[in-house]
Every structure is written in structure tokens, then in C-alpha cells.
Amino acid sequence: MASVVPSPDRQAAPLQAAFASLTPQALLEQARALRPRLRAMEAEAERQGRLPQDLLEELDDAGFFRIVQPRNFGGLEFDVPTFYKVMMELARGSTDVGWVMALVSGQPMVLARFPEMAQAEAYGTTGEFRASGSFAPPGRAVPVEGGYRITAAWQNGSGCDISTHFMPLVMIDTAEGPQPAQILIDRRDFEIVDDWNVIGMRGTGSKRVVVNDLFVPEHRVMRCHGMMRGAEPLDLGCTTNDNPMYSASISPFLISQTACVAVGTARAALDHYEDILRTKKSAYPPYQEKGSDPIHQRNYGTAFRLVSTAEAALVQAGHEFMEYAREWKTRGVPFDQMRALRLRSIAVQSVQLGWEAFQIVFHAGGTSTAAREGHPLTRILRNFNVLRTHAVLQLEDAAHAVGRTAFAVAS
């Protein structure tokens, strides 16, 4: 996809030589090769309450943070299906890593809607950009000359420790009432408070981020819809790149990126169940390998079917996202609410399929193995339960949104 020529007074960040020949398939293979490494560092990530620094540098050097970053700002500009595949693979290695990578490396899709000056400042001359974010509780933005004064304490800033920037939600004081917006702030301008004391997802470092009376210039503020629309930008258009995916509805992408983590985690659980079936014997005569037991074979096959369907659904949703974006950009066919809700529905149902697969695996794994402290399935149990509490992944809310929108359109 050709990119818009940058303004004459801006020097675009060049694509680094190390990434120039990198292909989507090669990056996916790198993610697969990392699986043993990611699984080996999960306990350390939990202990530190964040991704370890050496792992961060390894992921950064490999280009994982640049998957959907525009090429004219030093990124790879791969498509959305590639992003989903890589995130599922990283989550297969580690739920914590998958979660942080999905949320942080997906932020260039949001930044693309900001003014060119904000993007240029964020990417700099190297293209290094890692942004965490948070929608709740929104900060307060008081208008002043040239921008806004921000005071806030945002919760659950996943990946804030490893980020170069933060992109949270604020409410701007206006005469008509609070107006939601997303802002871009530099790492040096916010404080991290470690209040992330949870039973699962411990390694994500989803801590509180605090600013007090911070000045944010106007060009680093993007007005958006409220939480009911997932902080969708009021103006979806991207003026710095002509790739349609940067001018598409953003909420289905943001929801699907979290769904990828759940589905990758379910695949990891299936891996561990397979290991149990290949290495453990039945507790009863004739003490055969568990994999020869028809009941375990059926359990494995059922979980395999559920996870494989979830993976295929998310990848197909990625292709549909790209097609909807192209149709909107080239033919003016709206990427409307029903299309966005279709993709959201696929995402949340994929999570449900992954959860059903995990339940089969955990219960079939056995108390003496799967439920034993220190077994990988116990960590997945904690992580998956916490992950599923995220507001955007609730089946009932998605179903209600579909019905409400469909019948509002019909009437």
C-alpha cells in the first residue's frame, strides 16, 4: 500500500534495515520460535509484575511492536490478519506477553488518527513507539491556551512499564458538558503506581498511571465517542497514510486484539493437555498412556475443534476488517455499526469457544496434574479467569448491542 508523502518540514522515520526484508510469514515463524522462551520466563514476569527488560528488548529488536505501524513512520505496515495470527502465537507462549503485546503494539492503529505533528513526535527519527493506554476512570481535561491541563489516575495501564508513551481517555470540560477524547503523553510525563495485586495476569504490569496538572497541546488530543462506542474517533480518517485500515472503524480491532490473547491461551492449554496425554499413564490397570484412552481422545478432539474454530474465526474477521476498510475507502460503502458489531460478535464468541476448550482440558487434566501448584494449567486457569472479566469481552453486552442496533436501524 502506497503511503502519503509526508509534509516537507517533517523527516519520516525510515524503516530500519533489519526489518526491510521481513515478511508476515517470517515474523509469525519468529513468534513460534519464541514459544519455549516465553513459557520459561512466565514465573519471572509474574515475580516482577511486568515483562522483563531483556525480553522487551528481544521483542522490540525483532519488530513485533511495528506490525501495524505505518511504513512512513518506520513500521512494517502488515495487515490485520497477520497481527491477529502473531498475537495468538505470542499468547500461546505466554498470556501475559500476548496481552501486553496485543494492546501496546496495536496502538499505532489509534495513533494514525491523530494529527501528523503528534505522530511525528511520537515516532521520532527511529520509529520506536510503544504505547499503553487506559479508558477508566477518564481523566479531566481543562481547556487552556494552546491545549489542556490534565489531572488523572488511570487504572489498569497494561504494559505501562515498557511504554514510551501513554494514550488514555479524558473528558474535556466544555459548555455543552464533558467531551471524551484520547490524548498522547510521553513517558517522562506520567508516574506509575504499582497497585496491580491480582490473582492472574500478574506479568502484564497493568498498574495505575497518574498525572497532575499536566499540559497537553491541542495536536496531541483526539476527540472521540464515549465508552459505549469504545472511544471510537469522531473523525476516522487518516491524513498521513492512504492504507484503508488506518481510516476504518477502530473498535472491532481493539476488541479482537484482546480476543486473540484468549484464543492463544486456549491453544496453549491444549498443548499442555497433549503433553499430559503423551507422558502420563492411567491411574488404573492396565496403566496405559492416557493418550490411548478413548475418553481423553474425545476430550482432546473436542477442545481441538473449539480452539481451531476460534482461531479461524478471528483470522477471517481480520480479513473482513480489511475488506470493510477497502470498501469504505474506495467505494464509500460505510463501515457502519452493524459491520463493526459483526466483527465484535465474532471476537467475543471466539473467546467463549476458547474458554469452553480450556474447561474441558483443565477438568480432564486431572487433580494430581493440571490442578497441582506450579503446573502450567494452573497459571492459565488464573490468567484466563482474569482475562475474561474484561468489559469488552462480555457476550451478553455484545448481543445486546447487536439487537439494539439492528432494531433501531429497522425502525
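What do you reckon, is Phe362 buried (at least 23 other Cβ atoms within 10 Å of the Cβ) and farther than 26 Å from Arg404 by Cβ? Step through it out loud before you land on a result.
On the way: buried (at least 23 other Cβ atoms within 10 Å of the Cβ): no; farther than 26 Å from Arg404 by Cβ: yes.
Judged against the criteria, Phe362 is not a match.
Scanning segment 72-118 for residues that are in contact with a Lys or Arg (Cβ under 6 Å, 6 or more places away or on another chain) and not basic (Lys, Arg) returns Gly75, Leu76, Glu77, Glu89, Gly93, Val104, Ala118. Criterion first (modelled with pLDDT of 95 or more, more than 19 Å from the chain's Cα centre (by Cα) and of a type in the set (Phe, Trp, Tyr)) does Phe384 satisfy it? So Phe384 fails the test. Screening segment 177-286 for strands (runs of 3 or more DSSP E) wholly inside it with 1 or more residues that are crowded, with 16+ Cβ neighbours inside 10 Å, without any contact (Cβ under 8 Å) to a residue 60 or more places away in the chain and charged (D, E, K, R) returns the ranges 207-217.
Take segment 137-176 and flag every residue that is surrounded by 15 or more Cβ atoms within 10 Å (Cβ to Cβ), more than 24 Å from Trp99 (Cβ to Cβ) and not hydroxyl-bearing (Ser, Thr, Tyr). Working first, answer last.
First, pick out the residues of segment 137-176 that are surrounded by 15 or more Cβ atoms within 10 Å (Cβ to Cβ): 138-141, 147-150, 152-172.
If we keep only those that are more than 24 Å from Trp99 (Cβ to Cβ) too, we end up with 140-141, 147-150, 171-172.
The answer is Arg140, Ala141, Gly147, Arg149, Ile150, Met171, Ile172.
Looking across Ser21, Ser7, one residue alone is assigned to a loop (DSSP other than H, G, I, E, B), surrounded by fewer than 16 Cβ atoms within 10 Å (Cβ to Cβ), at pLDDT 85 or above and out of contact with any strand residue (DSSP E or B) (no Cβ under 9 Å at 6 or more places or on another chain). It is Ser21.
Among the residues of segment 18-49, what is the count of those that are on the phi < 0 side of the Ramachandran plot and either among the polar types (S, T, N, Q) or in contact with a helix residue (DSSP H, G or I) (Cβ under 7 Å, 6 or more places away or on another chain) (or both)?
19
Can you say whether Ala283 is closer than 24 Å to Glu373 by Cβ and either at pLDDT 95 or above or in the same structural domain as His375 (by TED's automatic domain parsing) (or both), as far as the supplied structure shows?
Values: closer than 24 Å to Glu373 by Cβ: yes; either at pLDDT 95 or above or in the same structural domain as His375 (by TED's automatic domain parsing) (or both): yes.
It is true that Ala283 is closer than 24 Å to Glu373 by Cβ and either at pLDDT 95 or above or in the same structural domain as His375 (by TED's automatic domain parsing) (or both).
The values are calculated or read from the model by the stated rules, or taken from the named source; none is laboratory data. Just so you know, these numbers come straight off a predicted model, no measurement behind them. A quick note on method: Cβ atoms are made from the backbone with ideal geometry, for glycine too, and the neighbour counts reach across all protein chains shown.
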